[in-house]
Amino acid sequence: MLFLAAVPAWSQTVALAGIMGQRALLVIDGAAAEVFAPGDSREGVRLVSVQSDQAVVEVGGRRQSLRVGEGPVRLSSATTATDTKRIVLHAGPGGHFIAVGQINGASVRFLVDTGATEVSLGSQQADQIGLQYRSGTQVPMYTANGAVPGYQVHLDSVKLEGVEVFNVDAIVTTSPMPFVLLGNSFLSRFQIRQENDSLTLEKRF
C-alpha cells in the first residue's frame, strides 16, 4: 500500500509514496515514482534522510519532513526573517545530525558535534575547498594514534540551512576525517534545542 504526503516547492510537487529500508520512494510532479537513497538528487529535489515512516527532502535550499500517511504539507518559497535565523536538523542513522552546508562558499558535509571546541576538518577537505590553512598557526593535536600537526585558522563564513555565520574559528588536522565537525565556535552563536530526532538552532546574534 502506498501513502502520499505532498509538498509544493516552488513550481514542483514532491510526494512520499513509501519507505523501503533506508530508501524513500518519491514522486516528483506526478511522474513515475523513483527510489532515492540519502544524498540522491533529481529534478532539484534531494533526499536528506530517512527514518521509520518519514523522510526529509530539500528543495530550493529549503527542507521539509514528509511522513507516510499524513496529508499534504506546504513549503512556501518565501523566506521570512525568522527562517533566516533558524536551522532545523533531523537525526540520521545512529542519531547523528548530518547536513550539507558551506565553508567560505564551498560545499561540505557537516556532522554536529557539541563536544568539539571548534569547527574541525581534515587537511584533505581543506584542500578540496581551497582553504589556505598552512598559513595558520600550527598547533599540536593528540589522537589515539599519537600527536599530529594541526593548524588554527579563521573561516570567513560558515553557512547551514541558509543561515550564515562570519569569522568562525576552526582547526585543520592532517588526520583524515569523513565529515567536517560542526563544533562550538559555530554552535555557540545559537540557542540549541533538541526534541526527539530534531535539533533546532536559533541564532543569537
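Brief remarks follow.
- Inter-label distance, nm, simple model (7 Å from Cα along the C-beta direction), residue 174/residue 142: 1.9 nm
- Taken one residue at a time, the phi angles of the range 117-126 give Karplus couplings (6.51, -1.76, 1.60, θ = phi - 60°) of 5, 10, 4, 10, 9, x, 5, 5, 5, 4 Hz. Gly and Pro are set to x.
- Estimated FRET transfer efficiency when R0 is 25 angstrom, pair residue 159-residue 135 (beta carbons, to 0.05): 0.65
- Highest-first arrangement of 101-109, 150-158, 117-125, where packing means the average Cβ count within 10 Å: 117-125, 150-158, 101-109
- Dmax and Rg, reported as Rg then Dmax, of the range 79-205 (C-alpha, Å): 14.6, 48
The numbers here are math on the coordinates, done by the rules we state, and not lab data. In this text the structure is predicted, and so the values were computed from the model without any measurement. Heads up, the Cβs are rebuilt from the backbone with ideal geometry, glycines too, and the neighbour counts pull from every protein chain shown.
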